[in-house]
Structure formats: structure tokens, C-alpha cells
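Let me begin by presenting the structure, written as C-alpha cells, before commenting on it.
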Amino acid sequence: MDTTYIFFAGLALAAASASAQQAPLVKEAPLRAHLSFLADDLLEGRGTGQRGGDLAVRYLETQAAAIGLKPLANGLYRQPVRFQGTKLVDGSAIRFAAGASTFTPRVGQDVLIGTGSGRAEVLLDAPLVFVGYGAIAPEEGWNDYKDVDVKGKILVMMVNDPQPTAEEPNRFAGKGYTYYGRWMYKYEEAVRRGAAGALLIHTTPSAAYGWNVPSTSFALERFHAPGGGNLLEGWLTEDFTRTLFKAAGFDLDTLRAAAERKDFRPVELKIGAHAEIRSSVRQVEQFNVVGIVPGSDPKLRGQAVVYSAHWDHLGKVDGPADGTDRIYNGAIDNGSGAAALLAMAAAAVHKPAKRSQVFLWPAAEEVGMHGAQAYVANPAFPLKDTLADLNLDSMNFAGRTRDIGVAGAERSTLVDSAAKVAKQMGLKLAPPIPDLSGAYFRADHFQFAKAGVPAFNVGSAVFSGDGHFEFEHMHDVSAARIVAFKDDYHRVSDQYQASWDLSGMVQQAQFTLNLGYEVANGKAMPSWKKGDPFSFIKR
């Protein structure tokens, strides 16, 4: 996942008796075996474009065949995913001219710069325009661009969404986060508007993570669809932005306040930028792994439920990441989900549902969800015949629990199916909480949602220091382990531990499989709730 706010999961009590379940039982022994292997140093952190990633794909497709999953129509279990890798090299810089002053910010400390264009060298001179939140949301009656032509200009914008007001407490999901608040959307909209570039103003509260998160990302290789990004993409610290704007005669806080209004219009900042961006660029091919359990009903087997869990992590870095350890093993994120999917598939092949079931291990989630996007563009079953995507990411390793998180399910009728399955298993659905970090938009299921398929990350909750976990046993110890994982997230310390209690992980996998069977054997296809933004998408 791409955030320090962590998806936590596996919130379930003991599984109900086999007679009360539609799905066959998921077994712990194979799940543990797969997890320990996928997180081993041998796979070097399963990095995108790295040898470890190739090994992970080979392992997954071999296991899919051994389990008895059916391949894609071409006879293969792997689906190609092609994109570009770009890494900033020495000599890159940007400077700004504001009034009588010239500023050359420190790359990495004051500013982050890169390119999504796929060009090895970008030389750019362009004026800066402040576009508020950079959002165009018809359902909110909101357009930060109005009729202003921003082609060829560098857009400066805030992250997050326009904030709720006393008059409109629910605008842009109220206290929650919408896709319009995500950095990814803002870069995409800049491309659609023909801008030369986009620079985001960072604050920890608005981004929901510290400066270290984007700075780490921009220091490493970044991945884009071929030629699909801006000439210039980057971030500015709040302090540097304030100083730069002041030199041009603008007050940052005043501009921010104006951007909270629907009548806001883009502001020409009277600041010029000269950027020299030099990068190493390579073409990358990775693979999704896809296996199918065909449906048992001749009339319904042409429809399918998808289960997904990305196989990639951050891989092996060039220099020591933490002492002498150079490998980001990614045991929980997301060796856990990839392993659980194998265990679920091994159970499912022995008892097919009426509709088909697709087990999908997407590539490149950590670097932009490219694998899930590629699958949605070329699915095993047409999207109109795809009932749902149930995603697993960063699963519970601390023991059995009494509730299950289904954040995002409330957007569709999947929440009703989830409630039914939870009741059958003796579980409670964890109470919904505001999505303060945009968690729904940060994992592979979001690519399905963008294409109109009801989807959510099963058993997930956003870690905020006061998360709701009802552990069945060893409550204090288990909760402490979950909380402590924030110090391992996206670090080399996310390593497999033989002492982990995987009973909760098995329960989460069982709930997901049971939910999949409930949908796959159901009478109707799930649908988005009326008024949800995704309900307007045709597939």
C-alpha cells in the first residue's frame, strides 16, 4: 500500500460450522507456508522490475497450476503489465523567479521534482498558477478551474478536499476523504487540462502523512503508464511555499481561504519556474497472475466474482536501508494477502460456486496500482459480468477477533451480503468511521470501483491510534502487536515471524471466501447505492 495509514484486517470470531458456510474451509498450514516463502529474503522483497518480483510471479503461477486453478483463455496464468520506470539523476534542479527575488530550493528538502512524461531530459520554463484544490466535481457543483486556460502552465494546488462547512457539513464526504483529494487525481487532472506540470503543497494533516512519504517515493524509481504523466510532477513544503508566495505578493493563508469557496478562480502567481529534470528511463514489463475456478451453473458461469491481493512490495534497495538490511520483505504488506489468496483458491477448487471465481494477484500496486488497472482494461470476464472485487491487503497476524471491517462496502449492496455472512460466522461488522486518509482509494479494489464494479478491501480499518479491534483472546497483547506494526510499515522490519498467531488471518480469509460465495451464488448482482459517485459509471 502507498500510505503510512495502514489497512488492518482479519477482524473475525471463530468460523461457524462447515454446514453454516457456503464456502469450503480455508486451512492455516498452506497459508503459513506460502507467507513464509513469499516474505523470505530469497524473493528480495518482490520488487517491481526486480529479480525478486520475477521469482514471486513464477511461484504464484506454479502454485495456481498445482492447486488446480484454470488459466486465462490463452492458456497462461500470467497477464502482462507494461509501464515505464523513471528515476531522478544528479543535475536535476528547479528555480523560481518571484518579483526581484530568485529561489533555488533544495531538492528533497524544500521541493520534490520528477517527470511522468517518460522523457530522459525535461527543460521547462513556465509560469505558476494557483488552482486551489485542483478539483472538478460535477456532483458537488465544484470547478476550481472555471474557464481559465492553464495549458502549458505549472499548477500549484493543495492536497485533500474542500472542507465541510456549517452550511454544507457533508460536502466532499464531510470529514472523510474523496478521490478528488488524492495526489493521483490531481496529477491526472493536470494532464487532462493540458498543464505543463503540477506541484502539490504538503502539510501532514492535509496529506495524512509526513514529508518523508513523498520524499522517499521521489528518491526511488517511479512508475508511469507510457507518456501518461506531466512534464513536471512534485511537491512543495509549506514553509517554502509561504516564502515563495510572499515574494510574489501573495499570502498563502489568504489563497487557501479563497479556495474553500465555490466561486474561487485560479490565480496567476506572477512566479516563473525553470526546471531541468534528468532521469534514467526504462521500459518495464511485470505480470499479474490470474487463476479461475469455473462456475458450476451453465447459465451463470459467464459471470464472476474477483478476489485480489497484490504480490509486490518495495524490493531490494541500492544501499543499506536499515543498518545492513537492504530488503523490504513485505511480509504483512502484502505477503499476507497473496498467501491467503492461494489458501482460499486451494479450498475453492473443491467446491465451485454457481458463478465463476477469479483469483487475481496484481503486480505493481505499491507503485501506482498498475497491475489492477491492466486487469480492469483486459479482464478475464467482461466488467459488465463481474459482480464484485474483494481485495485483501495487510492482514491480521495477531489472533482471532470478534468483528470484521468492511469499510467501503457501505457504498454498495455488498454491505448487506457482508452483514449476512458476518452473522452466519458469529461476527459483528466493525462500525464505520470517516475515511480521513483516503484509504478507500489506495488499494487495488479502487481500480475496479473506478470502472463501475462494486469493490472494497475486506477486513480493513484505517490505523489512527484508536482503531476498533475486539480480540477474542490475549486482547492486550494482540492489540499491542497491531499498534506496533505502524513502526514496521514500509520498513525492512516487516518480516515474517514464526510466532505469529495466524488464526485471525485464516478467519479473515474465510470471511472473504464466504462473502464471495454468497455473491457468486446469489440471485442478483451487487449494485452501488443510489447517489454514490461510482453509481454514475457505466460498464
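The values are calculated or read from the model by the stated rules, or taken from the named source; none is laboratory data. These numbers come from a predicted model, not from an experiment. Backbone-built Cβ (ideal geometry, glycine too); neighbour counts: all protein chains shown.
Tabulated data
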{"read-out": "Where a residue in segment 53-79 is free of Cβ contacts under 8 Å to residues at least 24 places away in the same chain and its partner, wherever it lies, is crowded, with 16+ Cβ neighbours inside 10 Å and among the acidic types (Asp, Glu), with Cβ under 9 Å and at least six apart", "value": "LEU55/GLU44; LEU76/GLU61"}
{"read-out": "Qualifying residue in segment 87-103 (condition: of a type in the set (A, V, I, L, M), in contact (Cβ under 8 Å) with a residue 24 or more places away in the chain, outside any loop (DSSP other than H, G, I, E, B) and over 26 Å from ASP239 (Cβ atoms))", "value": "no"}
{"read-out": "Cβ pairs under 8 Å, 6+ apart, first in segment 36-51 and surrounded by fewer than 24 Cβ atoms within 10 Å (Cβ to Cβ), second acidic (Asp, Glu) and not in a helix (DSSP H, G or I)", "value": "GLY49/GLU221"}
{"read-out": "Residues of segment 65-111 classified as of a type in the set (A, V, I, L, M) and within 14 Å of HIS274 (Cα to Cα), total", "value": "6"}
{"read-out": "Residue tally, condition within 25 Å of PHE287 (Cβ to Cβ) and touching an Asp or Glu at 6+ places or on another chain (Cβ under 9 Å), over segment 62-114", "value": "11"}
{"read-out": "Top-ranked residue of segment 424-461 - restricted to ones that are among the basic types (Lys, Arg) and touching a strand residue (DSSP E or B) at 6+ places or on another chain (Cβ under 9 Å), ranked as farthest from PHE534 (Cα to Cα)", "value": "LYS428"}
{"read-out": "Matching residues in segment 407-439 - criterion: being closer than 23 Å to LEU25 by Cβ, surrounded by 24 or more Cβ atoms within 10 Å (Cβ to Cβ) and at pLDDT below 95", "value": "LEU427"}
{"read-out": "Which numbered condition GLU168 fails, given (1) in contact (Cβ under 8 Å) with a residue 24 or more places away in the chain; (2) over 21 Å from GLY408 (Cβ atoms)", "value": "(1)"}
{"read-out": "Complete set of residues in segment 507-539 that are part of a loop (DSSP other than H, G, I, E, B), at negative phi and not charged (D, E, K, R)", "value": "ASN521, GLY522, ALA524, MET525, PRO526, SER527, ILE537"}
{"read-out": "Condition check for MET344: on the phi > 0 side of the Ramachandran plot, touching a residue at least 24 places away in the same chain (Cβ under 8 Å) and either aliphatic (A, V, I, L, M) or assigned by TED's automatic domain parsing to the domain that holds ARG222 (or both)", "value": "no"}
{"read-out": "Every residue from segment 67-86 that is over 30 Å from GLU233 (Cα atoms) and in a strand (DSSP E or B)", "value": "LYS70, ARG78"}
{"read-out": "Single match in GLY371, GLY315, GLY337 (criterion: surrounded by 24 or more Cβ atoms within 10 Å (Cβ to Cβ), in contact with a Leu (Cβ under 8 Å, 6 or more places away or on another chain) and either within 20 Å of VAL290 (Cβ to Cβ) or in contact (Cβ under 8 Å) with a residue 60 or more places away in the chain (or both))", "value": "GLY337"}
{"read-out": "Helices (runs of 4 or more DSSP H) wholly inside segment 143-228 containing at least 1 residues that are more than 30 Å from PRO432 (Cα to Cα)", "value": "183-192, 212-219"}
{"read-out": "Residue in segment 104-115 that is farthest from the chain's Cα centre (by Cα), counting only those that are touching a residue at least 60 places away in the same chain (Cβ under 8 Å) and surrounded by fewer than 18 Cβ atoms within 10 Å (Cβ to Cβ)", "value": "GLN109"}
{"read-out": "Residue match in segment 498-516 (condition: surrounded by fewer than 16 Cβ atoms within 10 Å (Cβ to Cβ) and at pLDDT 80 or above)", "value": "yes"}
{"read-out": "Only listed residue being among the basic types (Lys, Arg) and assigned to a strand (DSSP E or B), chosen from ARG261, ARG301, ARG282", "value": "ARG282"}
{"read-out": "Filter result for GLY234 (at pLDDT 95 or above and either assigned by TED's automatic domain parsing to the domain that holds GLU188 or surrounded by 14 or more Cβ atoms within 10 Å (Cβ to Cβ) (or both))", "value": "yes"}
{"read-out": "Qualifying residue in segment 129-136 (condition: modelled with pLDDT under 95, over 26 Å from the mean Cα position of the chain (by Cα) and not aromatic (Phe, Trp, Tyr))", "value": "no"}
{"read-out": "Any hit, segment 56-66, residues being assigned by TED's automatic domain parsing to the domain that holds GLY337, under 24 Å from SER215 (Cα atoms) and either assigned to a strand (DSSP E or B) or of a type outside the set (Ser, Thr, Tyr) (or both)", "value": "no"}
{"read-out": "Among residues of segment 245-258, those that are in a helix (DSSP H, G or I) and out of contact with any Leu (no Cβ under 7 Å at 6 or more places or on another chain), counted", "value": "9"}
{"read-out": "Qualifying residue in segment 457-479 (condition: hydroxyl-bearing (Ser, Thr, Tyr), modelled with pLDDT of 80 or more and either outside any loop (DSSP other than H, G, I, E, B) or under 21 Å from the mean Cα position of the chain (by Cα) (or both))", "value": "no"}
{"read-out": "Lone unmet requirement of (1) farther than 30 Å from GLY229 by Cα; (2) touching a Gly at 6+ places or on another chain (Cβ under 9 Å) for GLY45", "value": "(1)"}
{"read-out": "Inter-residue pairs, beta-carbon under 7 Å, first on the phi < 0 side of the Ramachandran plot and in segment 204-224, second in a helix (DSSP H, G or I), 6+ apart", "value": "GLY210/THR204; PHE223/HIS370"}
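A quick yes/no check of all residues on (1) within 23 Å of GLN357 (Cβ to Cβ); (2) in contact with a helix residue (DSSP H, G or I) (Cβ under 7 Å, 6 or more places away or on another chain); (3) at pLDDT below 95:
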{"site": "LYS27", "(1), (2), (3)": "yes, yes, no"}
{"site": "LEU35", "(1), (2), (3)": "yes, yes, no"}
{"site": "GLY53", "(1), (2), (3)": "no, yes, no"}
{"site": "VAL57", "(1), (2), (3)": "yes, no, no"}
{"site": "GLU61", "(1), (2), (3)": "yes, no, no"}
{"site": "GLY68", "(1), (2), (3)": "yes, no, no"}
{"site": "ILE94", "(1), (2), (3)": "no, no, no"}
{"site": "THR102", "(1), (2), (3)": "no, no, no"}
